[in-house]
């Protein structure tokens, strides 16, 4: 399983616009092949800090998503951010016979 966390800080005056764009996109992202989860969150201490959390079954399906028109629209909306976004990608492995998971990560 691949977990992606996309963290961003939006300019206050653009928060509503970006939130509406993301909300409209995640509904269709959830229907993409291999998408197990796509959630949109707002920090409770700073309403201008937003996060998209995704889970994908394979790296190939994640790569298809990252090359999709939906992701291009999202990247275009990133012009509303106060600072560059941060994308972290985690690979979660469940070894046979072991309780728990092994996690490796990469940053983009």
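Readers should treat all values here as calculations from the given coordinates under stated rules, not as data from a laboratory. Small disclaimer: the values here were computed from a predicted structure and weren't measured. Here Cβ is always computed from backbone atoms with ideal geometry, including for glycine, and neighbour counts include all displayed protein chains.
Working from label points 7 Å from Cα in the Cα-to-Cβ sense, the residue 47 to residue 83 distance is 2.1 nm.
Nearest 10 degrees, 0 to 90: what angle lies between the long axis of helix 15-29 and the longest principal axis of the chain (Cα atoms)? In the chain, helix 15-29 runs at an angle near 30 degrees to the longest axis. Spin-label model, residue 64/residue 90: points 7 Å from Cα along the beta carbon direction are separated by 2.5 nm.
In percent, rounded to a whole number, the relative contact order of the chain is 36, using alpha-carbon pairs under 8 Å and six or more apart. Taking each DSSP H run with n ≥ 4 as -39500 (n - 2.57) and averaging over every residue of the chain yields -9000 deg cm²/dmol at 222 nm.
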